[in-house]
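First the structure, in the form of structure tokens, and then the observations on it.
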Ligand SMILES: [Zn+2]
């Protein structure tokens, strides 16, 4: 994979891990840190430039940084997201970020490009010293 596009950002959200026997079972919040690393075998055009000069647009990767009312995860109550529900662990949120980020990147692809060479690695820090990685 010749190119890896990497970006990092944070979002602040509340959650509760329903059924957890301990403090994580009570309503609390985190400043989550996200690192997204998207690898590609070739360059492509994006929604904002027609020439094949990008892996993807950074704007597309950073969707989750936006306020929840604008479609992101900032200032969300994560348990309100139907795909997460009671299971708002770092592991489940990382997989959610992976699924939704790749879907957004694929939306920007030109007709006839299935993006099969695109591989995304998500790292999600719940605290400054604890993170989860997810990739396929
Ligand atoms: Zn927590």
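The values are calculated or read from the model by the stated rules, or taken from the named source; none is laboratory data. The structure displayed is predicted, hence computed values, not measured ones. Methodologically, a virtual Cβ is constructed for each residue, glycine included, from the backbone with ideal geometry; neighbour enumeration extends over all protein chains shown.
Here are the numbers for the structure shown:
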{"read-out": "The listed residue being closer than 20 Å to residue 8 by Cβ and in a strand (DSSP E or B), out of 61, 124", "value": "124"}
{"read-out": "Members of region 4-30 that are in a strand (DSSP E or B) and within 11 Å of the ligand (Cβ to nearest atom)", "value": "13, 14, 15, 28, 29, 30"}
{"read-out": "Filtered residue count, region 79-100, keeping only those that are within 21 Å of residue 118 (Cα to Cα) and part of a loop (DSSP other than H, G, I, E, B)", "value": "0"}
{"read-out": "Condition met for residue 47 (away from the ligand (no atom under 16 Å from the Cβ) and either assigned to a strand (DSSP E or B) or free of Cβ contacts under 8 Å to residues at least 12 places away in the same chain (or both))", "value": "no"}
{"read-out": "Filtered residue count, region 25-54, keeping only those that are crowded, with 17+ Cβ neighbours inside 10 Å and out of contact with any helix residue (DSSP H, G or I) (no Cβ under 8 Å at 6 or more places or on another chain)", "value": "6"}
{"read-out": "Unmet criterion (only one of (1) crowded, with 16+ Cβ neighbours inside 10 Å; (2) over 12 Å from the mean Cα position of the chain (by Cα); (3) free of Cβ contacts under 8 Å to residues at least 40 places away in the same chain) for residue 95", "value": "(2)"}
{"read-out": "Any hit, region 31-42, residues being within 16 Å of the ligand (Cβ to nearest atom), at pLDDT 95 or above and on the phi > 0 side of the Ramachandran plot", "value": "no"}
{"read-out": "Which numbered condition residue 69 misses (of (1) without any contact (Cβ under 8 Å) to a residue 12 or more places away in the chain; (2) closer than 16 Å to residue 4 by Cα; (3) not in a loop (DSSP other than H, G, I, E, B))", "value": "(2)"}
{"read-out": "Residue under evaluation residue 87, criteria (1) exposed (fewer than 15 other Cβ atoms within 10 Å of the Cβ); (2) out of contact with any strand residue (DSSP E or B) (no Cβ under 9 Å at 6 or more places or on another chain); (3) modelled with pLDDT of 95 or more, criterion not met", "value": "(1)"}
